[in-house]
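The values are calculated or read from the model by the stated rules, or taken from the named source; none is laboratory data. Bear in mind that the values here come from a model prediction, so they are computed numbers and not experimental data. Methodologically, a virtual Cβ is constructed for each residue, glycine included, from the backbone with ideal geometry; neighbour enumeration extends over all protein chains shown. These area figures cover heavy atoms from the full protein model, side chains too; ligands, DNA and RNA do not enter into them. Shrake-Rupley method; radii C 1.70, N 1.55, O 1.52, S 1.80 Å.
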Amino acid sequence: MNYKIPLVLTPQAEGGYAVTSPLLPELVTEGDSVADAIDNARDAFAAVVELYEDLGRSLPRSTWIPPSADPLWLETVLSAP
């Protein structure tokens with residue numbers, strides 16, 4: 001199944017990015033680059049899905065993408081100084 005999950009990548013002073021999700025507070029990870037952070041977010045999301053299953057909880061409905069939908073989904077918010 002495909003999901004859409006909002007991710008917040010926050011640059012860290014020591015380099016790399018912290019990754020959180022306002023929709024899933026249990027999803028917390030980091031990465032040395034944006035690509036690394038996104039890859040680690042996939043692993044963190046899989047752990048959150050497993051946690052929710054163990055607790056008998058459902059993921060928020062807003063994360064679901066219908067099976068007939070195109071699996072490529074990208075929403076980006078960028079800011080600059």
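A few comments on the model shown:
- Stretching the chain fully between Tyr52 and Glu14 yields a gain of 10.5 nm (0.36 nm per residue, less the alpha carbon separation).
- Separation in nanometres of the label points that stand 7 Å from Cα toward Cβ, at Glu26 and Asn40: 2.0 nm
- Rounded accessible area of Ser62 (nearest 10 Å², 1.4 Å probe): 60 Å²
- Computed from backbone phi with θ = phi - 60° and the Karplus coefficients 6.51, -1.76 and 1.60, the 3J(HN,Hα) list for segment 8-13 is 10, 9, 10, x, 9, 4 Hz; x is used for glycine and proline.
- Nonlocal amide H pairs with Asn2, under 5 Å, H built at 1.01 Å: Ile65
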